[in-house]
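Peer 1: If you scroll down you'll find the structure; I have some questions about it.
The values are calculated or read from the model by the stated rules, or taken from the named source; none is laboratory data. Remember, it's a predicted structure, so these values are computed and weren't measured experimentally. Don't worry about glycine lacking a Cβ; one is built from the backbone with ideal geometry, like all the others, and counts go over all protein chains shown.
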Amino acid sequence: MTTEHIWNLEAPLREAHWRSLYGLSYPVFTTVVEKLKPYITASQLSLPSDYAVAMVLSRLCHGFSAKTLASRYSLEPYLVSKITNMITRLLATKLYPEFIKIPISRRRLIETTQGFEELTSLPNICGAIDGSHIKVSNAQLKRIPANQNEYRCKYGYNSVLLQVVADHRKIFWDVCVKASGGTEDFAHFRDSLLYNRLISSDIVWDKAVNVRGHPVRPYIVGDWCYPLLSFLMTPFSPNGAGAPAQNLFDGMLMKGRNVVVEAIGLLKGRWRILQDLNVGINHAPQTIVACCVLHNLCQIAREPEPEPWKEPDENGSPARVLETEKQFYYFGESLRQALADDLHQRLSSR
């Protein structure tokens, strides 16, 4: 697919045209190519690195099938699939550690908690968590000999489940794709590396604030589909049935949680293959993670945000607390009430 005519355009038009073809601007495209080129070269692929990356980006951006893309690039469909698998695997493995990172450093942690506090008036929020169903093509599922029903999600279609944590800039700092669509958000969370690291205190954020005598360390926020824990704050009530201080807290918490909803909307709006995934089911996780890496690259580069994809309204089951989580739950309860009372007092006295 020739792009020579693009270079005859004025710079703003050129960038817009490049973005319409590949989902990102030319400078960000060259960044991706430069970072992947050593690995592509080592693979002895018969195509130039920039050509291969451009082809895969156009597929991720527009959701083209391998067959459609093969006819456009005069290649065999099996080769398009092979190149797609290679590029998405490289994005999901080689670039993940650089562009998807837990905010451990004090500078980034302070920047993140301050950003959420400006939005919610709540101290020490370091991320917002949510799950999203990535619809998978029925044709891909037919290749699975058994357990197809596990992929049927609560919205009536087949999917795999994506879990992300985003910061205040809608940049993902954790991504997990380990569950089929029939899994509840809380079950996926408990099976994630992030949960295991948090529950075992492997991640310790060195920043605590005192709220009504409670030492509040940085925490993430989620909706009622997640368990209330000392490191994960959830609403008191899904329907505003709490006391005034609790309802105020819930409104502010959900304002923070909406950041991750917006991030997922941008992810699916920018990489439309995630609206109906047409890759082999075994390659679905790496394709999804690759799109999350590219999303972060675009957000860091302050690329224009596309029209976001609208997620279905949340209707998952409330999470029950496990016996092994009881101590985290009781501590989380006292922290949540202290945060709610403190917020109510501060905002009422203004």
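Peer 1: For segment 107-160, give me each residue that is farther than 16 Å from residue 277 by Cβ and assigned to a loop (DSSP other than H, G, I, E, B).
Peer 2: Within segment 107-160, 121, 122, 123, 124, 145, 146, 147, 154, 156 meet the criteria.
Peer 1: Okay, next question. Of all the residues that make up segment 150-206, how many are of a type in the set (Ser, Thr, Tyr) and on the phi > 0 side of the Ramachandran plot? Reasoning before the result, please.
Peer 2: Step one: list which residues in segment 150-206 are of a type in the set (Ser, Thr, Tyr), which gives 151, 155, 157, 159, 180, 183, 192, 195, 200-201.
Those still in the list that are on the phi > 0 side of the Ramachandran plot too: 201.
Selection size over segment 150-206: 1.
Peer 1: Before we move on, is residue 163 at pLDDT 95 or above and assigned to a helix (DSSP H, G or I)? Explain how you work it out, then say what you get.
Peer 2: On the way: at pLDDT 95 or above: yes; assigned to a helix (DSSP H, G or I): no.
Criteria not met by residue 163.
Peer 1: Among (1) over 22 Å from the mean Cα position of the chain (by Cα); (2) part of a helix (DSSP H, G or I), where does residue 31 come up short?
Peer 2: For residue 31, the failing item is (1).
Peer 1: Shifting gears a bit: With respect to residue 166, is the statement that it is among the hydrophobic types (A, V, I, L, M, F, W, C) and farther than 30 Å from residue 341 by Cα true?
Peer 2: On the way: among the hydrophobic types (A, V, I, L, M, F, W, C): yes; farther than 30 Å from residue 341 by Cα: no.
It is false that residue 166 is among the hydrophobic types (A, V, I, L, M, F, W, C) and farther than 30 Å from residue 341 by Cα.
Peer 1: Any chance segment 144-157 includes a residue that's within 30 Å of residue 336 (Cβ to Cβ), in contact with a Phe, Trp or Tyr (Cβ under 7 Å, 6 or more places away or on another chain) and assigned by TED's automatic domain parsing to the domain that holds residue 245?
Peer 2: No, segment 144-157 contains no residue that is within 30 Å of residue 336 (Cβ to Cβ), in contact with a Phe, Trp or Tyr (Cβ under 7 Å, 6 or more places away or on another chain) and assigned by TED's automatic domain parsing to the domain that holds residue 245.
Peer 1: Okay, next question. How many residues does segment 283-323 hold that are of a type in the set (S, T, N, Q) and farther than 21 Å from residue 174 by Cα?
Peer 2: Of all residues in segment 283-323, those of a type in the set (S, T, N, Q) come to 286-287, 296, 299, 315, 317.
Subsequent filtering for residues that are farther than 21 Å from residue 174 by Cα retains 315, 317.
Adding up the residues that qualify gives 2.
Peer 1: Taking segment 310-338, which residues are among the aliphatic types (A, V, I, L, M) and in contact with a helix residue (DSSP H, G or I) (Cβ under 8 Å, 6 or more places away or on another chain)? Outline the logic, then answer.
Peer 2: Our first condition is that a residue be among the aliphatic types (A, V, I, L, M); within segment 310-338, this holds for 319, 321-322, 335, 338.
Passing the criteria: 319, 321, 322.
Peer 1: Which fully enclosed helices (runs of 4 or more DSSP H) of segment 233-350 have 3 or more residues being exposed (fewer than 14 other Cβ atoms within 10 Å of the Cβ)?
Peer 2: Working: elements: 244-270, 284-300, 326-348.
Correct list: 326-348.
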